[in-house]
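Engineer: Below is the structure I would like to discuss, written out as structure tokens.
The values are calculated or read from the model by the stated rules, or taken from the named source; none is laboratory data. None of these values were measured; they are calculated from a predicted model. Using ideal geometry, Cβ is built from the backbone for each residue, glycine included, and neighbour counts are taken over all protein chains shown. When the accessible area is computed, the model is the full protein with side chains, heavy atoms only, and any ligands, DNA or RNA have been set aside. Shrake-Rupley method; radii C 1.70, N 1.55, O 1.52, S 1.80 Å.
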Amino acid sequence: MKKIRIAIDGPAGAGKSSVSKLVAEKMGYSYIDTGAIYRSLALLMIKKGITLEDENLIAEELRSFNISFKMDNGVNLVFLNGEDITKDIRTEEVSMLASSVSAIPFVRKGLFDIQRAYAEKGGVVMEGRDIGTVIMPQAELKIFLTASPLKRAERRLFDLRAKGVADITLEKLAEEIKKRDEQDSNREVAPLMPAADSVVVDNSDIDLKQTSEKIISLAEKIIGEFL
Ligand code: DC
């Protein structure tokens, strides 16, 4: 059976990670979270006190940047230079800095090869902002996954509460999501936008299972065309 490449792009909080992970698991494909790559760089910067203006220092970090993933019981573990940073990259501070640093052209260029290497083989579900447009334009299936801003903020709140984060409100999250949408969509290089040949899936009113089933049925249709 042919193994295809599936690109899933969309705004913050659209459910890309949960959906992509489930689709990959059901299809026996590997799952790559490219947002985690930008988040890891942001975390490194915070830890080392590097600001967005320190371009030489960011470039230096990119040269020795070594990220790897490992799926463990449905959890996508992220390692940076061998250290498990899975939880550390999920703070709101990291989210905002990842969005800002990802708008710098040399950063995107520096992280291009790492992502492209994952796109070489079939049998992959890769999620991000520019997967269908830049990283994996040859993907056989491209999904632009979206949901209303309110739904996205509600889902983020639910996830954070489940992780024990109490000091955040729906209003604050909605504001941050709006700011990230603006940053990610209006940057000059590789802005967030649906690829021309993508299928737009709005999952405001359907759940995780229904969303993944929809994507898997689109994938199966494409795979069937190769038979
Ligand atoms: O998907 P995420 O929320 O983990 O991504 C964090 C930030 O990284 C996001 O605000 C923009 C950036 N990003 C990007 O520019 N390109 C990608 N392919 C993935 C993420």
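Engineer: I'm checking my understanding of the structure. Among residues of segment 180-200 that are more than 16 Å from the ligand (Cβ to nearest atom) and out of contact with any Phe, Trp or Tyr (no Cβ under 6 Å at 6 or more places or on another chain), which one is farthest from Lys109 (Cα to Cα)?
Structural biologist: Only one residue tops the list, namely Val199.
Engineer: Can you find, within segment 118-128, the residue that is surrounded by the fewest Cβ atoms within 10 Å (Cβ to Cβ) among those that are within 16 Å of the ligand (Cβ to nearest atom) and more than 16 Å from Tyr38 (Cα to Cα)?
Structural biologist: Ala119
Engineer: In this structure, is Lys142 in contact with a helix residue (DSSP H, G or I) (Cβ under 7 Å, 6 or more places away or on another chain) and open to solvent by 50 Å² or more (accessible area, probe 1.4 Å)?
Structural biologist: No, not satisfied.
Engineer: What is the number of the single condition among (1) more than 14 Å from the ligand (Cβ to nearest atom); (2) of a type in the set (A, V, I, L, M, F, W, C); (3) under 21 Å from Arg152 (Cβ atoms) that Val19 does not meet?
Structural biologist: That leaves (1) as the condition not met.
Engineer: Can I ask one more? Restricting to segment 182-206, give me the number of residues that are touching a strand residue (DSSP E or B) at 6+ places or on another chain (Cβ under 7 Å) and more than 19 Å from Val19 (Cα to Cα).
Structural biologist: 1
Engineer: Follow-up question, since we're still on this one. Name the residue, out of Gly110, Gly13, Gly28, that is surrounded by 15 or more Cβ atoms within 10 Å (Cβ to Cβ) and modelled with pLDDT of 95 or more.
Structural biologist: After ruling out the rest, the residue left standing is Gly110.
Engineer: Among the listed residues Ile131, Ile177, identify the single one that is under 21 Å from Pro191 (Cβ atoms), within 13 Å of the ligand (Cβ to nearest atom), open to solvent by less than 20 Å² (accessible area, probe 1.4 Å) and at pLDDT below 95.
Structural biologist: Ile177
Engineer: Right, something else. Within the set of pairs 6+ apart or on separate chains, which have a first residue in segment 81-99 that is of a type in the set (Lys, Arg), a second that is in a helix (DSSP H, G or I) and open to solvent by 70 Å² or more (accessible area, probe 1.4 Å), and C-beta atoms under 9 Å apart?
Structural biologist: The qualifying pairs are Arg90/Asp159.
Engineer: Of Arg156, Arg180, Arg187, which residue is farther than 14 Å from Gly13 by Cβ and of a type in the set (D, E, K, R)?
Structural biologist: Just one listed residue meets the conditions, Arg187.
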